[in-house]
Structure formats: structure tokens, C-alpha cells
Amino acid sequence: DASDIEKGTYPHYMLKEIDEQPLVMRKIIQQYQGADNELHVDEDIVKAMNDSDRVYIVACGTSYHAGLVGKQFIETWAKVPVEVHVASEFSYNMPLLSEKPLFIFISQSGETADSRAVLVQIKELGHKALTITNVPGSTLSRESDYTLLLHAGPEIAVASTKAYTAQLAVLSILAAVTAQARGIKLDFDLMQELAIVANTMEVLCDDKEEMESIALQFLATTRNAFFIGRSVDYYVGLEGSLKLKEISYIQAEGFAGGELKHGTIALIENNTPVIALATQEHVNLSIRGNVKEVVARGANPCIISMKGLETEEDRYVIPKVHETLAPLAAVIPLQLISYYAALHRDCDVDKPRNLAKSVTVE
Ligand code: AGP
């Protein structure tokens, strides 16, 4: 049961929470799908989405990274423009708002002070807010007009894993119901695709030995590491790099593949690990071009691709899922690789230094 907060036979909460992701997916499907097989999201929320001319997603850390992918879902499927903002920046540098903005706060804990500060500000301006959170009754949930729950069960490890994929799943459902309300017909069944994602997650979680060997091959002794990707793969790379740096203390950065040549490529030395994601067909060739560029400077490339796009040089191939939902699958190898890197570097996986589970100071 996802709500069991004991570690059981697991050495760390993080590993347990990574493994719970298929179960959380199924729970979300169950919670948001009625017996009639229709998507069920509170009518007021669908109406608020439909009425708004622009959605502003506000969040921090991993939840911010989920927001970046959520923007893709909402813009691609529901055709509503979306901006994604880091909460601590938004409060001091508020963008010009559209006429009918809707705010979405994404927060696992629902207690993050930076996000709450923005909520207070935008409520004072008279705007409506939806909070997507794992904790019913949390501050952000109570102070927002609407709430969507993640149903991920308690997340104890400081490094967020199952909350991230739950956030993506709930955002995808929100995007799909908004599309429906706007008369846009999607050419796939989201719940069926999420069920496929759940099965794929299980396959990935069963492949721990392989993830551990990747961690040992690329990250056992390195001082730094880069994650590159294009389109949503870039966003997943940002999340992979945050995961790695917070628990293994390896200096890790996520970059858009095409941006490397504008500066970052100067950091590539002999054996610098570069983890490249290739799950998106329209950028497959260009990200592979970027890999060639870093390899020419001595990088040690680890390409993680999706079935159908793979080549012989790839280190790991993820089974095929719906292309837009690829981040839900692609993040799992990155979570596990970070976990094993931290483990082999003798780091305190569940309680990394200098960090708190929920950041309640601004
Ligand atoms: C993730 O691994 C982090 N520990 C952190 O970035 C976290 O996602 C961030 O502090 C936001 O927390 P929240 O989702 O509870 O608001």
C-alpha cells in the first residue's frame, strides 16, 4: 500500500518510493477515472481552466520541473498558453499578467513558503488558484480555490520521486479534461496510455542491476556530470541533474542540447559523463548530433533512448510509451542512477546535507 510509511525491507525510503511509482499511477487512474471510463475532474476546475486565457504554473525544485512538462501537456492537448515560473522569482519579479489568468501551484508538501508567498500575492490581486498537492488540508490547498490530489502516499525521502511522476500524471489528466471541455478531440485514450506507463515503470524498476551498473560506470568517482536533452527531454534532464546533485553531491547540470555550443561545452573534458536523453522523435537526430559534439571533446556519453529511436551506441533503451508521456518513464532510470551513485559514494540518501523535506522559509 502506497500509504504505508514504514521502510519495510527497503534500505532507504527513496528506493521504496521509486518502486511505488507503478502503484501510484494505478491509484491515480482509479481516482480520476469513473466506472463509466470517463475522466473525472471537479467541474469548477475544468471551467476555471476553460475560462482562462493563460495558465501560470508556479512551483519550486522538482515540482517546478513537473510544471515544465505540464506546460507541454496543456499547450499540446488543450491549446491553452502556459507560463511556468519559479516561485521565489515570481514574487519579486512578477510578469505582466494576462486578462484572465489561472494560477496552478504544484507542491508535493503544500507547505513550501516560496510558493505560498505567491499564492498570497495573487489572491490579493483577486485571481483564482488551483493547487496540485500530495497533502490534503495543507496550507496551499486550504488557501487555494481548488485542489487536485496526487494520491502518491506519504513521501519521506528528501529527494522527490513518486510525487514528480504523480504530478505529471495529474497534469496530463487536467490537460486532457481541458481539451475535452474545449471541444478538442485527442487521438488516444489517456487512461490507457497511463496504464501502459505504469507497466513500463514496473519494467524499469525491475532493472535495478542495470541502473546500478550505469551509476558505477559513469558516476562512481566523477566530480561533475551533464544531462542533455531537447524538448521535454531537456526538462527531464533538469530533474535528473537536480536528483543527482542533491543526493550524491556531484556537480550536475541539465542543458538543452542545442545550447551546449553557446558556452557549456567548454566544460567538457576527457571522461566527463554526459547523460543524453533521446525519447522524442522530432529531435532524435539533433540530440545525437549534440552527443557527437561532446564525444569529440572526450565526453563519456550515456544515451538513454526510447524503443523505436534506439541505435547501437545507446546505453539503455526504455520500452515505448506515448511520446508526450515519455518523461514519466524516462525519469525513472535517472532516479535510480542517482540513487546508486549516492549509495556508492556513501551519501546519506534519504537525508542529504543542508536540505529539508519541505522548505517552509522564504
Ligand atoms: C526535490 O527532490 C527537492 N527536495 C525539492 O526541490 C522540492 O521539490 C521543492 O522543495 C518543492 O517542494 P514541494 O513540492 O513540497 O513544494
- Count - residues of segment 350-360 that are farther than 17 Å from SER63 by Cβ and within 12 Å of the ligand (Cβ to nearest atom): 4
- Message: Name the single residue that is nearest to GLY67 (Cα to Cα) among those in segment 321-349 being surrounded by fewer than 16 Cβ atoms within 10 Å (Cβ to Cβ) and either within 16 Å of the ligand (Cβ to nearest atom) or not acidic (Asp, Glu) (or both).
- Response: ASP348
- Query: Out of the residues in segment 135-147 that are of a type in the set (S, T, N, Q) and part of a loop (DSSP other than H, G, I, E, B), which is farthest from SER109 (Cα to Cα)?
  - Reply: SER144
- Task: Have a look at VAL24, VAL41, VAL80, VAL86 and point out the one that is within 28 Å of GLU253 (Cα to Cα) and in contact with a helix residue (DSSP H, G or I) (Cβ under 6 Å, 6 or more places away or on another chain).
- Result: VAL86
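Every residue, every condition in (1) at pLDDT 95 or above; (2) in a loop (DSSP other than H, G, I, E, B); (3) of a type in the set (D, E, K, R), yes or no:
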| residue | (1), (2), (3) |
| --- | --- |
| SER3 | no, yes, no |
| LYS16 | yes, no, yes |
| PRO22 | yes, no, no |
| LYS27 | yes, no, yes |
| ASN37 | no, yes, no |
| ILE45 | yes, no, no |
- Query: When segment 141-151 is examined, which residues are found to be touching a Pro at 6+ places or on another chain (Cβ under 8 Å) and either within 12 Å of the ligand (Cβ to nearest atom) or within 14 Å of VAL24 (Cβ to Cβ) (or both)?
  - Reply: LEU149
- Task: Report whether or not ILE132 is closer than 22 Å to ALA157 by Cα, part of a strand (DSSP E or B) and within 13 Å of the ligand (Cβ to nearest atom).
- Result: yes
- Are any residues in segment 303-320 closer than 16 Å to ILE228 by Cβ and surrounded by 23 or more Cβ atoms within 10 Å (Cβ to Cβ), and if so, which ones? ILE304, SER305, MET306
- Query: Is at least one residue of segment 76-86 more than 14 Å from the ligand (Cβ to nearest atom), touching a residue at least 12 places away in the same chain (Cβ under 8 Å), among the charged types (D, E, K, R) and not in a strand (DSSP E or B)?
  - Reply: yes
- Query: Within segment 7-23, is even one residue out of contact with any Gly (no Cβ under 8 Å at 6 or more places or on another chain), among the small types (Gly, Ala, Ser) and crowded, with 16+ Cβ neighbours inside 10 Å?
  - Reply: no
- Message: I'm told ILE106 meets every condition in (1) β-branched (Val, Ile, Thr); (2) within 12 Å of the ligand (Cβ to nearest atom); (3) assigned to a loop (DSSP other than H, G, I, E, B); (4) touching a residue at least 60 places away in the same chain (Cβ under 8 Å) except one. Can you identify the failing condition by its number?
- Response: (3)
- Note on the structure: Scanning segment 296-307 for residues that are touching a residue at least 24 places away in the same chain (Cβ under 8 Å) and farther than 18 Å from LEU219 by Cα gives ARG297, SER305, MET306
- For the subset of segment 152-200 comprising residues that are acidic (Asp, Glu) and assigned to a loop (DSSP other than H, G, I, E, B), which member is nearest to the ligand (Cβ to nearest atom)? GLU155
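The values are calculated or read from the model by the stated rules, or taken from the named source; none is laboratory data. Quick caveat: nothing in here was measured; it's all calculated off a predicted structure. Cβ: placed from backbone, ideal geometry, glycine included. Neighbour counts: every protein chain shown.
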